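As structure tokens, the structure follows; a few thoughts come after it.
FYI, it's all coordinate maths here, none of it is from the lab. Source: prediction; values computed, not measured. Cβ: placed from backbone, ideal geometry, glycine included. Neighbour counts: every protein chain shown.
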Amino acid sequence: ASQPVPPKLGAKLDRVVLDLTTAGSEPLGRLYLGLSREAAPESVQWFVSLAKGQLTTGLGEDPAKLERSNLVRIERDRAVVLGALTQRGGIKRIEPGVTRPKVVPVQPPQTADSNSISHAAAGLLSVRKGGGSFEFTITPKTNPGLDKEELVAIGRVLDEDLPVLDALNAIPAKKDLVQLGDVPPLGSKIARACEYANPDATCAQFKPLKRVVVSGVAVAS
């Protein structure tokens, strides 16, 4: 059974379920996320709307949603889920009189949430302060260094699911070039975007060597 939720997050939680899958549709595990409206009401509403496929900015775009194409980046005891990955970083906007929706950059609604909850716990869930990004972060291990970033905690993974985070954190990922001691030549396009699971040393860092995706999502009752 899961242990009590830390007091700062409150006891009444919204529940969102994520299924994670590796390359070849190999199940990695299921995460039950508990989201605290007490800690971050606007951000939790944003996250729940994203999980339901209902998140919009009110500018006429298709709703953003979590779906099978959403990818996971693994970065120093931190799993970053690209929550609404689409072509060129945008989502489809429907324009009057246009039969084919355009893919344009669209940012999530802004939020005013802020709290002092530390990332010194495994399984903490956080998003960018102020909104403006579809990404969200989960800590597979304690990672208090994230407290220095513009993140706000909105919930946590239930304790019985922490072994799934351990398995996620153990997947080999591309290391950053500074860490490897590999200094790129001046003017090189060393940080260009590359396919996930690409072993090319010049690809962008932190992508897992195994492709990891969100293969299913649900809002639990």
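Between ALA218 and LYS148, residue separation times 0.36 nm minus the direct Cα-Cα distance comes to 22.1 nm. In this structure the amide hydrogen of GLY60, modeled in the peptide plane, comes within under 5 Å of no amide hydrogen from residues 5 or more places off or on another chain. Computed extension length for LEU59-GLU95: 12.0 nm, one decimal, from 0.36 nm per residue of separation with the Cα-Cα distance subtracted. Between GLU160 and LYS8, the simple spin-label model (points 7 angstrom out along Cα→Cβ) gives 2.7 nm. With Cα atoms defining each centre, segment 17-61 and segment 119-158 are spaced 14 Å apart in the structure.
Taking label points 7 Å from Cα along the Cα-to-Cβ direction, LYS141 and SER25 give a separation of 3.4 nm. Legend: calculated FRET efficiency, GLU42 to ARG15, from the Cβ-Cβ distance at R0 = 22 Å, rounded to 0.05, equals 0.75.
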